[in-house]
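**Q** Got a structure for you, questions after.
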Amino acid sequence: DAGVIQSPRHEVTEMGQEVTLRCKPISGHDYLFWYRQTMMRGLELLIYFNNNVPIDDSGMPEDRFSAKMPNASFSTLKIQPSEPRDSAVYFCASSSLGPNEKLFFGSGTQLSVL
Amino acid sequence: GQQLNQSPQSMFIQEGEDVSMNCTSSSIFNTWLWYKQDPGEGPVLLIALYKAGELTSNGRLTAQFGITRKDSFLNISASIPSDVGIYFCAGQATNYGQNFVFGPGTRLSVLP
């Protein structure tokens, strides 16, 4: 089985540029999550979707961040405009329908904003 | 909000030694997950626990769901070099929804 697939693996951009991170969840999983990982704050939940609908976006830092899930097999996290403090590893994770289900993570996108 | 504490923050052990780490919370959790993260990779699920007192093994790894439901423990027996990494606990405090909270991690180094 293919796991959660994220792209790109690495992204280096200049401050002010738009950044788009992509995620393909595990087939059949109805929940999709975006996390950010930094040394200072650890793993933070940014937003999650259930059946392509955003359920909780309270972790999204500010309006510069937006996430979409146009269909069950694809999601994007966009930062516009990007800032150096956005530099982090961004993970996508998915889980199957039902409460208390396990999260499966992708390999992450290492974002560096110069 | 809910927060998890993990201890120790980091540990250095000799190959072959057993390892114990724990995760504590001020809230009651219904689910505990233990993950391992290798450098440059995403966290990989090791063990999932769903009931207070539950003891589950996965090879050399054993995890327990504390009976108070506010803590969990992970033990690694006979450590090997590939056990190196960061171990995260994650807890879920609600029966519905998917808001897992992650601990800050325990960084394990195994010396040959």
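**Q** Residue under question is residue A:110, and the condition is that it be within 26 Å of residue B:34 (Cα to Cα), within 11 Å of chain B (Cβ to nearest Cβ), open to solvent by 40 Å² or more (accessible area, probe 1.4 Å) and of a type in the set (S, T, N, Q); does it hold? Spell out how you get there, then give the answer.
**A** Numbers: within 26 Å of residue B:34 (Cα to Cα): yes; within 11 Å of chain B (Cβ to nearest Cβ): yes; open to solvent by 40 Å² or more (accessible area, probe 1.4 Å): yes; of a type in the set (S, T, N, Q): yes.
Yes: the conditions hold for residue A:110.
**Q** Pick from segment A:54-88 the residues that are of a type in the set (A, V, I, L, M) and more than 18 Å from residue B:100 (Cα to Cα): which of them is surrounded by the fewest Cβ atoms within 10 Å (Cβ to Cβ)?
**A** Pass one, segment A:54-88, residues of a type in the set (A, V, I, L, M): A:55, A:60, A:67, A:69, A:72, A:77, A:79, A:88.
From what's left, more than 18 Å from residue B:100 (Cα to Cα): A:67, A:69, A:72, A:77, A:79, A:88.
Numbers: A:67: 20, A:69: 21, A:72: 16, A:77: 23, A:79: 22, A:88: 20.
Of everything passing the filter in segment A:54-88, A:72 is surrounded by the fewest Cβ atoms within 10 Å (Cβ to Cβ).
**Q** Does residue A:15 satisfy the criteria of being closer than 20 Å to residue B:102 by Cα and assigned to a loop (DSSP other than H, G, I, E, B)?
**A** On the way: closer than 20 Å to residue B:102 by Cα: no; assigned to a loop (DSSP other than H, G, I, E, B): yes.
No: the conditions fail for residue A:15.
**Q** Write out, first by first residue and then by second, each pair whose Cβ atoms fall under 7 Å of each other, whose residues are 6+ apart or on separate chains, and whose first residue, in segment B:51-71, is closer than 23 Å to residue B:83 by Cα while the second is open to solvent by 80 Å² or more (accessible area, probe 1.4 Å) and not in a strand (DSSP E or B).
**A** B:65/B:51
**Q** Which strands (runs of 3 or more DSSP E) sit wholly inside segment B:41-112 and have at least 2 residues that are open to solvent by less than 70 Å² (accessible area, probe 1.4 Å), away from chain A (no Cβ under 13 Å) and modelled with pLDDT of 95 or more? Full working, then the answer.
**A** On the way: elements: B:44-49, B:55-58, B:61-65, B:71-76, B:85-92, B:100-102, B:106-111.
Hits in segment B:41-112: B:61-65, B:71-76, B:106-111.
**Q** Limited to segment B:12-32, what total is found for residues that are surrounded by fewer than 17 Cβ atoms within 10 Å (Cβ to Cβ), farther than 17 Å from residue B:68 by Cα and hydrophobic (A, V, I, L, M, F, W, C)?
**A** Initial filter on segment B:12-32 (surrounded by fewer than 17 Cβ atoms within 10 Å (Cβ to Cβ)): B:12-18, B:20, B:26-28.
In the following step, the residues that additionally are farther than 17 Å from residue B:68 by Cα were identified as B:12-18, B:20.
If we keep only those that are hydrophobic (A, V, I, L, M, F, W, C) too, we end up with B:12-13.
Qualifying residue count for the region: 2.
The values are calculated or read from the model by the stated rules, or taken from the named source; none is laboratory data. Keep in mind the model is a prediction, meaning the values are calculated, not measured. Ideal geometry is used to build each Cβ from the backbone, glycine not excepted, and the neighbour counts take in all protein chains shown. Side chains are part of the model used for accessible areas, which takes the heavy atoms of the whole protein and leaves out ligands, DNA and RNA. Shrake-Rupley method; radii C 1.70, N 1.55, O 1.52, S 1.80 Å.
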